[in-house]
Amino acid sequence: MLGKIHVAVVPADQASIGIARRLRRSLVEILGLDVSVDQIAGGFPRQAFNDSRGQYDAYKILSSFEGIQAGLLLLVTDLDLYCTGLNFCFGLAHRRAAIISLHRLRPESYGEPRDENLLVLRAEKEAVHEICHLIGLRHCPSPLCVMHFSNCIGDTDVKRKLPCDACLERIKSTVIQFNP
Ligand SMILES: [Zn+2]
Ligand SMILES: [Zn+2]
């Protein structure tokens with residue numbers, strides 16, 4: 001579907017490498033993107049860490065990746081992220097770079113047993129969501145659409161990993177602008 005668009009999936013820490021590799025396959029299958037998994041990122045800027053919250057500011061991290069060369073970037077981290085005005089965020093997209101955090105996608109974060117397949121499924125949904133933002137999609141009112149905003153993990157579990165028909169139509173017209 002989006003074959004000409006290249007996405008570099010970059011694990012930001014050791015704990016994210018395995019998931020980053022599995023996401024590569026999913027992004028090819030779900031969105032038809034051209035995806036590579038790049039080397040582990042060299043750490044986040046110190047100023048992105050908020051001492052009093054014990055979390056990283058997702059926007060500050062993405063701002064430090066603004067100089068990327070071509071295509072789109074998806075960072076995958078195990079660190080806990082927040083966005084201004086929110087207690088936490090599962091991910092964020094800004095210009096040509098996006099980030100997702102596995103921290104609150106892990107069933108263990110909710111006192112449930114470890115479940116790698118559930119973690120991957122949730123990460124797929126968040127990755128597709130953020131990449132669709134990068135190509136111009138906004139939030140969708142349909143709770144089953146991948147572009148629905150996840151306020152909590154229950155929202156992520158309810159939604160599917162695909163955009164709804166209306167969002168798919170929007171992608172088609174956006175991609176024409178994206179790949180003139
Ligand atoms: Zn969003
Ligand atoms: Zn939708």
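The values are calculated or read from the model by the stated rules, or taken from the named source; none is laboratory data. All of these numbers come straight from a predicted model, not from anything done at the bench. Glycine gets a Cβ as well: all are built from the backbone with ideal geometry, and neighbour counts include every protein chain shown. SASA here: full protein model, heavy atoms, side chains in, ligands and nucleic acids out. Shrake-Rupley method; radii C 1.70, N 1.55, O 1.52, S 1.80 Å.
Assorted remarks:
So that you can scan it fast, the table gives a plain yes or no per residue for (1) outside any helix (DSSP H, G or I); (2) among the hydroxyl-bearing types (Ser, Thr, Tyr):
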| residue | (1), (2) |
| --- | --- |
| Lys125 | no, no |
| His129 | no, no |
| Cys132 | no, no |
| Leu137 | yes, no |
| Ser142 | yes, yes |
| His148 | yes, no |
| Thr156 | no, yes |
| Glu169 | no, no |
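So that you can scan it fast, the table gives a plain yes or no per residue for (1) open to solvent by 40 Å² or more (accessible area, probe 1.4 Å); (2) under 16 Å from Ile153 (Cβ atoms); (3) among the hydrophobic types (A, V, I, L, M, F, W, C); (4) in contact (Cβ under 8 Å) with a residue 24 or more places away in the chain:
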position	(1), (2), (3), (4)
Leu27	no, no, yes, yes
Leu31	no, no, yes, yes
Asp34	yes, no, no, yes
Leu86	yes, yes, yes, no
Leu118	yes, yes, yes, no
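- Among the residues of region 63-105, the ones that are small (Gly, Ala, Ser) and touching a Phe, Trp or Tyr at 6+ places or on another chain (Cβ under 9 Å) come to 3 in all.
- Those strands (runs of 3 or more DSSP E) of region 52-100 in which at least 2 residues are over 10 Å from the mean Cα position of the chain (by Cα) and modelled with pLDDT of 95 or more, considering only elements entirely within it, cover 55-57.
Listed here are the residues, each with its yes/no results for (1) over 20 Å from Ala20 (Cα atoms); (2) touching a Ser or Thr at 6+ places or on another chain (Cβ under 7 Å).
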{"position": "Leu72", "(1), (2)": "no, no"}
{"position": "Thr77", "(1), (2)": "no, yes"}
{"position": "Ile99", "(1), (2)": "no, yes"}
{"position": "Leu102", "(1), (2)": "no, yes"}
{"position": "Asn117", "(1), (2)": "no, no"}
{"position": "Lys125", "(1), (2)": "no, yes"}
{"position": "Leu168", "(1), (2)": "yes, no"}
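- Across region 121-151, the number of residues qualifying as open to solvent by 50 Å² or more (accessible area, probe 1.4 Å) and more than 15 Å from the chain's Cα centre (by Cα) comes to 3.
- Residue in region 12-22 that is touching a residue at least 12 places away in the same chain (Cβ under 8 Å) and on the phi > 0 side of the Ramachandran plot present: no
- Scanning region 39-56 for residues that are farther than 16 Å from Leu81 by Cβ and surrounded by 14 or more Cβ atoms within 10 Å (Cβ to Cβ) turns up just one, Ile40.
- Within region 1-25, being open to solvent by less than 20 Å² (accessible area, probe 1.4 Å) and within 26 Å of Pro45 (Cβ to Cβ) holds for Val7, Ala8, Val9, Val10, Pro11, Ala12, Ser16, Ile19, Ala20, Leu23.
- Lone unmet requirement of (1) away from ligand 2 (no atom under 16 Å from the Cβ); (2) touching a residue at least 12 places away in the same chain (Cβ under 8 Å); (3) in a helix (DSSP H, G or I); (4) open to solvent by 10 Å² or more (accessible area, probe 1.4 Å) for Arg104: (3)
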